[in-house]
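The values are calculated or read from the model by the stated rules, or taken from the named source; none is laboratory data. Keep in mind that this is a model prediction, so the values were computed, not measured. Neighbour counts run over all protein chains shown; Cβ positions are idealised from the backbone, glycine included. These area figures cover heavy atoms from the full protein model, side chains too; ligands, DNA and RNA do not enter into them. Shrake-Rupley method; radii C 1.70, N 1.55, O 1.52, S 1.80 Å.
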Amino acid sequence: MNLSPPRGTRDVFPEDLRLRAWLFGHFRQVGRLFGFEEYDAPVVESADLYVRKAGEEIVDQLYVFQDKSGRELALRPEMTPSLARMILQRAGSLPLPVKWFSLPQCWRYERMTRGRTREHYQWNMDIIGVDDVTAEAELLAALVTFFRGVGLTQDNIQIRISNRRLLQAVLAAAGIGDDLLAPVCVLVDKLEKVSRDAVEAELAELGVDAAAIDSVLEVASCNTLEDAAKLAGEGDNGLDEIGRLLDLASQYGIAEWLQFDASLVRGLAYYTGIVFEAKAITGDLHRAICGGGRYDRLLSTFGGKDLPACGFGFGDPVILEILKDLDLLPTLPRGIDDVVFAFEASLRGPAQDVANRLRNAGRSVDLVLEDGKRMKWAFRHADNVGASRIVLLAPDEWAKGVVKVRDLASGKETEVSPADL
Ligand code: HAM
């Protein structure tokens, strides 16, 4: 039998789980610091939830199957549609704004590379009901709080921001309607991976003419607001919003982490305004660490009334690789306080009693369960599990009503009565 897990999935051995718990602890701590509540949803959703027509990669990568009653189900590739579904369920009764976070496992049939897996955990933070970039600023501040918390600095990470309304304005000037915005964004997003010729051919197929293609690609190559403003012309082009977001970011003390970049559009169809993505700028893994944006019109695609919304998703694989590269992953001990060891089988009952007393006092106790082990073995074992003390029950001492306690860091040994442990 092949002992590997299915391709693209990960076994999580205890030492890996300690790291995961550490990482999730940081995610949850930021959620708490920013006043967000945690929620969850099923990993299996109705496949309809992900039916979208803009040609997104995420839809092609869906794990779909039929259950025994013929329902078309999918493993969720992202959390946002589930969140939208839950918000709609309680539409009208939920006090707004909603500030929720989650840590779902998501599944995508990806081409595997370093940091890209077929299942990942994705920290999501979303704000529903705030129609202002104050929400985006708060989300970006949460991201930076996380980065700082794990020891990253603005020298390691850059958060690029843009606004889909910029492309929308360029398309409008070329006479192209809003209905093409989502598929055009999905195609422009591919410029990082696919040749310009291939993207141009697909844009042309959508009905975007050559002149419009030139304008779109020209604006995408801007990296100052001034240059973008010249190309986008007057009117609502989303650049004011970026300016305001950058001002708010200064007040949060996070402006140095941000960079306007008109080529950022993101690959998901539902974004309608500000979009952002963080990347490592040191080391050799330059994949997106997280990404998000505003999606004010997602709810109506599910038949509900729209609410302003924005949020981000942040996967565990890339950040773990980056922290490993930068030597920022902590060494996490097992956290065992005491190993309790009886020298002989007749002391098993008292050893259980001693373990009980310690556990009742809240200490983590590894009680040696095998009889006939030697003292040397017990010390090696205590060392392996990273215990801070070993509590020994030996016949002579027990006859005096005491146990021997050795502090494994200092080597100091004391005799203590079980009641004083
Ligand atoms: P996304 O850009 O598709 O956005 O994914 C967000 C993040 O999830 C990525 O930046 C990456 O960290 C992680 N991720 C995605 N796929 C993989 C994979 N195959 N392996 C490892 N990590 C991965 C969304 O999913 C949006 N729903 C995020 C969002 C929430 N927007 C608003 N609210």
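Here are a few things to note about the model shown:
- Residue pairs meeting the criteria (Cβ under 9 Å; at least 6 apart or on separate chains; first touching a residue at least 24 places away in the same chain (Cβ under 8 Å) and on the phi > 0 side of the Ramachandran plot, in segment 3-27; second in a loop (DSSP other than H, G, I, E, B) and open to solvent by 70 Å² or more (accessible area, probe 1.4 Å)): 8/109
- Qualifying position, being within 16 Å of the ligand (Cβ to nearest atom) and either open to solvent by less than 10 Å² (accessible area, probe 1.4 Å) or within 22 Å of residue 40 (Cα to Cα) (or both), among 136, 192: 136
- Every condition in (1) part of a helix (DSSP H, G or I); (2) in contact (Cβ under 8 Å) with a residue 60 or more places away in the chain holds for residue 328 except the one numbered (1).
Results for (1) within 10 Å of the ligand (Cβ to nearest atom); (2) of a type in the set (Lys, Arg), shown as yes or no for each residue.
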{"residue": "85", "(1), (2)": "no, yes"}
{"residue": "90", "(1), (2)": "no, yes"}
{"residue": "99", "(1), (2)": "no, yes"}
{"residue": "115", "(1), (2)": "yes, no"}
{"residue": "121", "(1), (2)": "yes, no"}
{"residue": "129", "(1), (2)": "no, no"}
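- Filtered residue count, segment 288-317, keeping only those that are of a type in the set (Ser, Thr, Tyr) and either within 12 Å of the ligand (Cβ to nearest atom) or assigned to a strand (DSSP E or B) (or both): 1
- Contact map, segment 261-287: first residue within 8 Å of the ligand (Cβ to nearest atom), second residue at pLDDT 95 or above and among the small types (Gly, Ala, Ser), Cβ cut-off under 7 Å, separation 6 or more or different chains; pairs are 266/291; 266/293; 271/293; 277/291.
- Selection within segment 259-276 - in a strand (DSSP E or B) and open to solvent by less than 20 Å² (accessible area, probe 1.4 Å): 260, 274, 275, 276
- From the options 16, 60, 11, residue that is away from the ligand (no atom under 15 Å from the Cβ) and exposed (fewer than 12 other Cβ atoms within 10 Å of the Cβ): 11
- Among residues of segment 35-74 being charged (D, E, K, R) and part of a loop (DSSP other than H, G, I, E, B), the one that is nearest to residue 111 (Cα to Cα) is 56.
- Scanning segment 356-381 for residues that are open to solvent by 90 Å² or more (accessible area, probe 1.4 Å) and within 21 Å of residue 411 (Cβ to Cβ) gives 374, 376, 380.
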